[in-house]
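Reading through the structure tokens given below for one structure.
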Amino acid sequence: MYEGYERDKRLVACVPSERQLRLQQMEFYAFAHITVNTFTDQEWGDGTEAEAVFNPKKLDADQWVAAIKSAGMTGLIVTAKHHDGFCLWPSAYTEHSVKNSPFRGGKGDVVKEAAEACRRGGIRFGVYLSPWDRNCPLYGQGKPYDDYFCAQMTELLTNYGDLFCVWFDGACGEGPNGKKQVYDWQRYYAVVRQYQPEACISICGPDVRWCGNEAGVTRQSEWSVVPEGLRLAADGDDPATVLSETDPELGSRELLERAPALMWKPAETDVSIRPGWFWHKKENRQVKTVKELTDLYLRTVGGNSTLLLNIPPDADGLFSPTDVQRLALLGDTIRAVFAENLAKDAVFTASADDGVHTAENLREDSCDSYFKTNDGDNTVTVSVKMPEMRKLHILTLKEDLRFSQRIERFAVEYRCGKGWKRIYEGTTVGYKKYCRFRPVTTDEIRILILDSRVCPVLSHAAVY
Ligand code: FUL
């Protein structure tokens, strides 16, 4: 038995659940932040807003879905209840909802309209819920609030079809003298699992973790295997003793070796297309450019994270023209970049394999086949030989996550005359890595896996 066997066993056993894998494969999906804030020009409502302010007269969730799909996104998460406690659906448990607003004459249900539009459009639907509720008088009383929260959640989990995600926000701005509610998380999770076993419980939940910032900043090494017990840092935590989502080294060997147990928890990057999460007229000229969005997409989806991009509906209930246009152009750009895999007809060879899973398995982006070296063999070189000279600027690599996440360091080189030139150096791969480099014209590239925690298992390689 080789050294490190015990550590490897732990790592190899740490793999995604079916629901985690499904969400990862969705890659890129949308957030839509809308509530009373859209009408009061706030980012955080305080719960005293009159229901009467909520009136998105032209709300058209099909317009949202069309724009979302034009960018290539696969799902939508709507803020069913934000910190202000206003419910976008006619909850039976509070008066603070759409039912007492002028929206659709008090007969409206934004959650329903969004869920149905997603179904019509063939994309997945999910809900955002803020446990912090600044309107509910029970907030801070413990179980009575948990009862209220679970009852509302049950409405959302049972009346709107299949959900791909329940997104629990961790924010709470009560401050030192504010109300203190100790959430019964285990109970919340049990309710979600009972009614929507396929849904991921994200952020304040076991399935998906926050990337650690809201600015679209990505880590160079993004790991889905992280120490168990990782959590959002709370007020009063000693940063030296709490491992939080914001730790830049999350998932490093050092941290894993110290961790009593490991867990699979992939990163999600949540970021808004505008400076704020909610729509503000004054930000109409601050919509992220197509260049910024493309870069964000390539860094996140191609950096072992999913991308959750927020597009806030305006006071009419529509995505603004600029946002709609940027999304369509983003989709066009992504489709153009990945239009043709130039390694489709290449010959794949490797310096070694395990005798069964050869490098040829890298050609198809498929979950059924993979390339693997022998146990204990943590470095390998894979060559991709094309039938002619081609101009390339991106290499896509994917690990087969059913075998955990293993690669720690790699490089990419291209044939240049009789020699090789290095064009890229990377660390983690994970679900997907987009290696971007200045365009080169060549007929062969090679991928050098320079270090891996356990023998590498790759599922796909492609060039564009
Ligand atoms: C944060 C909230 O405070 C923001 O308003 C927004 O909903 C963002 C996605 O999460 O914690």
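Here are some notes:
- Subset of the range 195-221 that is farther than 13 Å from L163 by Cβ and away from the ligand (no atom under 16 Å from the Cβ) - its residue that is surrounded by the fewest Cβ atoms within 10 Å (Cβ to Cβ): Q220
- Test result for D316, in a loop (DSSP other than H, G, I, E, B), outside the structural domain of Q20 (by TED's automatic domain parsing), among the charged types (D, E, K, R) and in contact (Cβ under 8 Å) with a residue 60 or more places away in the chain: no
- Hits in the range 272-300 (condition: buried (at least 21 other Cβ atoms within 10 Å of the Cβ) and of a type in the set (V, I, T)): I273, V287, T300
- Of all the numbered requirements in (1) closer than 23 Å to E155 by Cα; (2) in a loop (DSSP other than H, G, I, E, B), V78 misses one, and that requirement is (2).
- The sole residue among D109, D133 that is within 16 Å of the ligand (Cβ to nearest atom) and crowded, with 20+ Cβ neighbours inside 10 Å is D133.
- Every residue from the range 156-189 that is more than 27 Å from Y29 (Cα to Cα) and surrounded by 20 or more Cβ atoms within 10 Å (Cβ to Cβ): Q181
- Summed over the range 157-182, the residues that are within 10 Å of the ligand (Cβ to nearest atom) and aliphatic (A, V, I, L, M) give a count of 1.
- Count of the range 218-251 residues, restricted to those that are in contact with a helix residue (DSSP H, G or I) (Cβ under 9 Å, 6 or more places away or on another chain) and modelled with pLDDT under 90, is 3.
- Beta carbons closer than 6 Å, at least 6 apart along the sequence or on distinct chains, pair a first residue in the range 378-398 that is modelled with pLDDT of 95 or more with a second that is basic (K, R) for T381/R446; S383/R446; I394/R436; L397/K433; K398/K432.
- The sole residue among Y189, Y145 that is assigned to a helix (DSSP H, G or I), aromatic (F, W, Y) and touching a strand residue (DSSP E or B) at 6+ places or on another chain (Cβ under 8 Å) is Y189.
- Tally, over the range 387-411, of residues that are crowded, with 16+ Cβ neighbours inside 10 Å and either aliphatic (A, V, I, L, M) or not assigned by TED's automatic domain parsing to the domain that holds E425 (or both): 7
- Restricting attention to the range 82-106, the residues that are within 16 Å of the ligand (Cβ to nearest atom) and either under 20 Å from the mean Cα position of the chain (by Cα) or assigned to a helix (DSSP H, G or I) (or both) add up to 1.
- Residues of the range 242-260 satisfying the condition of being in contact (Cβ under 8 Å) with a residue 60 or more places away in the chain and either within 16 Å of the ligand (Cβ to nearest atom) or among the hydrophobic types (A, V, I, L, M, F, W, C) (or both): L256
- Exclusive hit being over 26 Å from the mean Cα position of the chain (by Cα), farther than 17 Å from R446 by Cα and assigned by TED's automatic domain parsing to the domain that holds G430, set D377, D368: D377
- Residues that are polar (S, T, N, Q) and either away from the ligand (no atom under 16 Å from the Cβ) or over 30 Å from L397 (Cβ atoms) (or both) within the range 269-305 comprise N284, Q286, T289, T294, N304, listed in sequence order.
- So V384, is it among the hydrophobic types (A, V, I, L, M, F, W, C), more than 19 Å from S305 (Cβ to Cβ) and crowded, with 20+ Cβ neighbours inside 10 Å: yes
- Residue check, T306 within 30 Å of R7 (Cα to Cα), in contact with a Pro (Cβ under 8 Å, 6 or more places away or on another chain), modelled with pLDDT of 95 or more and outside any loop (DSSP other than H, G, I, E, B): yes
The values are calculated or read from the model by the stated rules, or taken from the named source; none is laboratory data. Just so it is clear, the structure is predicted and the values come from calculations on it, not from any experiment. As a convention, Cβ positions derive from the backbone with ideal geometry for all residues, glycine included, and neighbour counts pool all protein chains shown.
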